[in-house]
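Here the structure comes first, spelled out in structure tokens, and everything after it is commentary.
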Amino acid sequence: MPEVTSIKKSTEFDLSKEEYSYWGVVWNRFRRHRMAVFGLVILTIIVLFSIITPLISHYEFDTMSLEDRFSPPSSQFLLGTDELGRDVLVRLAYGGRVSLFVAIVASISSLIIGAIIGGISGFFGGWLDNFLMRLVDVLLSIPTFPLLMILAMYFGGSLWNIILIFAILGWMGESRLIRGYFLSIKETEFVEAAFAIGASSRRIIFRHIMPNTLAVLLVSVTLSVGGVILFEAALSYLGLGIQPPTPSWGNMLQRSMEYILGAPTKGGGPPWWLTFYPGLMIFLTALSVNFLGDGLRDALDPRMKM
Amino acid sequence: MRDYVIRRLIQLVPLIIIVSVLIYGIIDLAPGDPLEQLLLDPDFTMEDLARLEQIYGVGGPFPERWAKWFWRLIRYQDLGVARFHPYPVWDLIVERVPITLRLSILAMSVSLLVAVPLGIFSAKRQYSSWDNFFTGLAFMGRSMPTFWFGIMLILIFGIYLGGTPLELPMGNLTSIIFTEGVPWITLQLDAAKHLILPVLVLGLAGMTGWTRYVRSTLLEVLRMDYIRTARAKGLSERVVIWKHAIRNVLIPLITLVALALPGLFAGAIITETIFAIPGMGRLIFSAVISKDFSLAVGALTFLCFLTIASNLLADILYAVVDPRVRYR
């Protein structure tokens, strides 16, 4: 809310002004959350970097130059080169496209699954609710990461397979969350009123309840992007995620492990740039997404707890 | 209390059966059967295939296979034979669990030793620059890819500090150069040195998560009326926090710690791979990589039972330590 410096005449309040609208208030609150703004800025930079760098660089992600293998960062290769003489900077940008795409699409997909199942469960209740929630209990008692590994191993690490696997295994927590919101909103008076004037279930769900869960969904999807980025990187690091030659931050790290103990680098020493930069990108992306999610949560609803 | 435990145990039976059907089913239905690859060998006959199917328990329709597998598991502690390590899966798991368990318990202890004091410190100075600093650190810990953290530690302590007194071993549980007649204390020190980096990596998540948890719970508790009463009686801040408030923080923390064990075992997959430690994590990893059916099913079943058991343990512990909880 803007600071009130002097008492205004009632005619001076224009409620249609942007700063009084819901999103205007949210934006005002968000803006004052220093870490969230920091996260938004870093994330924007990473996204722009991933999109723009390949467009303006001399190198493709698979341009090899064997005489330049293991070059340390220099003016020719800003972040050095890998074991095949490929430019690390460009590969980082391509890897960023892949990792961000996977994380965003997978998070949204699992959110949709979670919203549908949680919504059905919370709205209709009864045996269906019981059945779905017991299913969630069972699925939650299978440890996620080993299951991810097994599915990725058997179905192969193509881009869409990885997205599918994350979507299938990611919805359980969100469905519980949405169910809780449905249960409580269903009891409110405006929903009761909608029932009373004979609104259809569909109308109540999509017009009355869903919009009220939007804030939770937005925060939930943001935080889950951070989680998927870390998990996808861990899978790729184990050699089970996105497969080379498609670069992802995780598989770049995995390759670098083989050379950390010794490689014919120009100038000697371990090729630290191969390990340091992909990890830094993963770290910064997850960090900024987490800051962003935290800020959004505070801005959308200060009382909301997750 | 005893009735409650018994009822919970009975409720577990269907859960265990459903979970094991699911695990067995997921891995069973996955495409790619290594036994079929053997048929490419012209010397390999259908009789050989049938015999191997018998040994690994993979022939027949799904319900029959699952039932046989489950019966052998509960009756004879038999999970079948691992294909690429020629050992019974049960023995492999029994051999590897203590290594990972020790690592996990050490990681937990270190996390708690860091988290409780830091959380209290932060809560007592809410919004001070120290508190903000630790909040930042906690966010960084939550966003840290553990494998990268591990590799960077190896790079720093194993390579760049190599040859200095700060050098730490890069992997494995002990050095291999030892022969007979080395004093006991040297062996222990060597083993301890090998554990420092893996424990740090494995404990990172707990350290940051639990610090935040202790901080926010303590802040909530400090707003309660009985704390105001304690302060009004003129008790010192130290007594208020360490005698009155801390109990209400630690009770839910105990639950959290009990629930963390399965997560640590899953986390050990990464940690043990980085540091080449022959524990449960590496066993799971090798089972998945080599598509070893019996081993993958066995290891995953173990993890699920661990999850279910720690859920139960958490509930029971909660009832034991918190006298306000009444179970009918």
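No value in this document is a laboratory result; all are computed from the given coordinates. Keep in mind it's a predicted model, so treat the numbers as computed, not measured. Don't worry about glycine lacking a Cβ; one is built from the backbone with ideal geometry, like all the others, and counts go over all protein chains shown.
Per residue of A:247-254, what is the mean number of Cβ atoms on other protein chains within 10 angstrom of that residue's Cβ? Working shown, then result.
Values: counts 0, 0, 2, 3, 0, 0, 4, 1.
That average works out to 1.
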Over chain B: helical MRE at 222 nm, DSSP H runs n ≥ 4 each giving -39500 (n - 2.57), nearest 500: -24500 deg cm²/dmol
Could you work out how far apart the two model spin labels at B:Ser290 and A:Leu284 are, taking each label as a point 7 Å from the Cα in the direction of the beta carbon, and quote it in nm? 4.1 nm
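Beyond 22 Å, what percent of the Cα pairs of the range A:87-217 remain?
Numbers: 4154 of 8515 pairs.
Across the range A:87-217, Cα pairs with separations above 22 Å total 49 percent.
Sort B:Ile308, B:Ile27, A:Ile162 by Cβ crowding within 10 Å, fewest neighbours at the top. Let's see the in-between values first.
Details: B:Ile308 18, B:Ile27 22, A:Ile162 29.
Fewest to most other Cβ atoms nearby, the residues stand as B:Ile308, B:Ile27, A:Ile162.
At 20 °C and 1.002 mPa s, grab the translational diffusion coefficient of the range B:99-241 from Stokes-Einstein with a Kirkwood Rh over Cα pairs, rounded to a whole number in µm² per second. Walk me through the intermediate numbers first.
On the way: Rh = 17.8 Å.
Estimated via Stokes-Einstein, D reaches 120 µm²/s.
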Given unit charges at Cβ for Lys, Arg (+) and Asp, Glu (-), the dipole magnitude of the range B:207-284 about its Cα centre in debye, nearest 20, is 400 debye
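Find out how many positive minus negative residues lie around B:Lys68, taking Lys and Arg as positive, Asp and Glu as negative, among other residues whose Cβ is under 11 Å from that of B:Lys68.
+1
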Selection from B:Leu253, B:Leu155, A:Val102 lying farthest towards where the dipole of the protein assembly as shown points positive, charges on Cβ: B:Leu253
With labels modelled as points extended 7 Å from the Cα through the Cβ direction, what inter-label distance (nm, one decimal) is found for B:Thr229 paired with B:Ser128? 2.9 nm
Using the count of nearby Cβ atoms within 10 Å as a rough guide to exposure, how do A:Glu174, B:Glu95 rank from fewest to most? B:Glu95, A:Glu174
Calculate the translational D of the protein assembly as shown in whole µm² s⁻¹ from Stokes-Einstein, where the hydrodynamic radius comes from the Kirkwood formula applied to all Cα pairs, the temperature is 4 °C and the viscosity 1.567 mPa s. 47 µm²/s
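So if each residue of separation counts as 0.36 nm, and I subtract the Cα-Cα distance between B:Gln77 and B:Leu29, what length gain in nm does that give?
On the way: separation 48, 0.36 × 48 = 17.28 nm, distance 2.38 nm.
Additional length available on full extension: 14.9 nm.
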Cα centroid separation, the range B:258-319 to the range A:195-212 (Å): 44 Å
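Work out the FRET efficiency for A:Ile51 and A:Arg202 from their Cβ-Cβ distance, taking R0 = 25 Å, and round it to the nearest 0.05. Present the calculation step by step, with values, prior to reporting the outcome.
Working: r = 39 Å, r/R0 = 1.55.
After rounding to 0.05, the efficiency reads 0.05.
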Highest-fluctuation residue, B:Met152, B:Met108, B:Met207 considered, GNM on chain B with Cα pairs under 10 Å: B:Met152
Can you work out the PRE-style zone for B:Gln54? Point 7 Å along Cα to Cβ, and I want the residues of the range B:284-311 with backbone N under 20 Å. B:294
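What are the GluC sites (Glu not before Pro) within the range B:147-223 that DSSP puts in a loop, where the Cβ has at most 12 other Cβ atoms within 10 Å?
Passing sites in the range B:147-223 are B:Glu180.
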Expressed as an acute angle from 0 to 90° and rounded to the nearest 10, what is the orientation of the C-alpha long axis of helix B:89-124 relative to the principal long axis of chain B? 20 degrees
Pull out the extension gain between A:Leu128 and A:Tyr22, defined as 0.36 nm times the separation in residues minus the alpha carbon to alpha carbon distance; nm, one decimal. 34.6 nm
Apply the a/c threshold of 1.5 to the C-alpha gyration tensor of chain B and tell me whether it is rounded, prolate or oblate. oblate
A correct fewest-to-most ranking of B:Arg324, A:Arg91, B:Arg102, B:Arg142 by other Cβ atoms within 10 Å would be B:Arg324, B:Arg102, B:Arg142, A:Arg91
How many angstrom lie between the Cα centre of the range A:81-126 and the Cα centre of the range A:130-186? 14 Å
Within the range B:287-328, backbone nitrogen closer than 17 Å to the virtual label 7 Å beyond the Cα of A:Leu135 toward Cβ: none
Kirkwood Rh (inverse of mean 1/r, distinct Cα pairs), the range B:178-328, angstrom: 19.0 Å
To the nearest 20 debye, the protein assembly as shown has a Cα-centred charge dipole, built from +1 on Lys and Arg Cβ and -1 on Asp and Glu Cβ, of 2840 debye
Under a crude label model (7 Å from the Cα following the beta-carbon direction), how far is B:Gln11 from B:Val320 in nanometres? 1.9 nm
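With a sphere of radius 14 Å drawn around the Cβ of B:Ala268, what net charge do the other residues whose Cβ falls strictly inside it have (Lys, Arg +1; Asp, Glu -1)?
Details: positive: B:Arg96, B:Arg102, B:Arg282; negative: B:Glu272.
Neighbour charge sum, excluding B:Ala268 itself: +2.
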